[in-house]
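Right, one structure below, let's go through it.
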Amino acid sequence: MSDIKFSIVLPCYNEAENLPLILERYASVMRDDVKTELILVNNGSTDNSASVMAELLKKEEYSFARSVLVEKNIGYGHGIFTGIKSAQGEFIGFSHADMQCPAEDLFKAYDLLNAQPDPKKAMVKGRRLNREIGPSIITVGMSMMASVVLTRVLTDINAQPKVFHRSHVERMKNPPNGFELDLYVTYLAKKANMNILTIPVIFGKRAHGVSKWAFSFISRYKTILAMMKYIFKLRFID
Ligand SMILES: Nc1nc2c(ncn2[C@@H]2O[C@H](COP(=O)(O)OP(=O)(O)O)[C@@H](O)[C@H]2O)c(=O)[nH]1
Ligand SMILES: [Mg+2]
């Protein structure tokens, strides 16, 4: 076992422009009392992420961070799970890499989890406060559908961050490759009767670039449809 307490996984797909800011922000929230590793998953990026990461990671002040390469992009979930598998920490968290999710939220979630009598029996996730009406209707609709089909109350499934003890990873036998991973991780926690705690979060705007899935009506529709199909599938697989 390593002495790393907390592993933070950030899946990065063509986020070269955001990488300098990500490292700067995460460096500013690192704590002496919680030995942390930041795992940047280069999720098959086709921009210059690889060289930007390599340059940034040479810097002494970013020695808490390292990168993991996924050669070919298969999806968001696959990227996160690749990072999770390489994580050394006793606790594992993941979030997004476009700076929509503040770096300090990871530690707020970590602290809340560690304040529990048995952190293995809990998971902490974000609960978004500032949603626009359109996306918020989709989120509520999706959560209601998931809750009914999977017979467990699930809310704001795609809010980041998510933080759990590494023992939770053993439950993840069939992790999905796409955006469904957020639902999967949360559902498995519910199924194992873990306590799902939330911290309020504010999702800001992307620092640079555009959404990697909600950029057009068609791609938005496809992602949502895949999610709906997966909700039914999940009922039978895990
Ligand atoms: N769409 C997509 N996003 C990915 C993938 N791998 C990592 N990501 C990251 O997932 C995060 C969320 O994606 P984003 O496009 O911002 O989604 P949105 O915030 O829901 O519009 C970003 O940090 C992406 O870089 C992938 O394969 N596909
Ligand atoms: Mg985003």
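Rundown of residues vs (1) of a type in the set (A, V, I, L, M, F, W, C); (2) under 24 Å from residue 18 (Cα atoms); (3) away from ligand 1 (no atom under 14 Å from the Cβ), yes/no style:
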{"site": "130", "(1), (2), (3)": "no, yes, no"}
{"site": "151", "(1), (2), (3)": "no, no, yes"}
{"site": "175", "(1), (2), (3)": "no, no, no"}
{"site": "191", "(1), (2), (3)": "no, no, yes"}
{"site": "198", "(1), (2), (3)": "no, no, yes"}
{"site": "207", "(1), (2), (3)": "yes, yes, no"}
{"site": "212", "(1), (2), (3)": "no, yes, no"}
{"site": "233", "(1), (2), (3)": "no, no, yes"}
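Looking across the stretch 38-58, just one residue is in contact (Cβ under 8 Å) with a residue 24 or more places away in the chain and either of a type in the set (Lys, Arg) or at positive phi (or both), and that is 44. Here the stretch 215-226 is the region considered, the condition is being within 16 Å of ligand 2 (Cβ to nearest atom) and surrounded by 13 or more Cβ atoms within 10 Å (Cβ to Cβ), and the residue that is nearest to residue 146 (Cα to Cα) is 224. Taken residue by residue, the stretch 18-27 has no member that is within 16 Å of ligand 2 (Cβ to nearest atom), touching a Phe, Trp or Tyr at 6+ places or on another chain (Cβ under 9 Å) and not in a strand (DSSP E or B).
Checking each residue in the stretch 8-34 for being more than 21 Å from residue 82 (Cα to Cα), out of contact with any Leu (no Cβ under 8 Å at 6 or more places or on another chain) and either free of Cβ contacts under 8 Å to residues at least 40 places away in the same chain or crowded, with 21+ Cβ neighbours inside 10 Å (or both) picks out 24, 27, 30, 32, 33.
With respect to residue 106, is the statement that it is within 16 Å of ligand 1 (Cβ to nearest atom) and of a type in the set (A, V, I, L, M, F, W, C) true? Yes; evaluated as a whole, the condition is true for this residue.
Quick note: the coordinates plus some simple rules give every number you see, no bench work behind them. In this text, all values refer to a predicted model and were calculated from it rather than measured experimentally. All Cβ positions, even for glycine, are placed from backbone atoms using ideal geometry, and neighbour counts span all protein chains on display.
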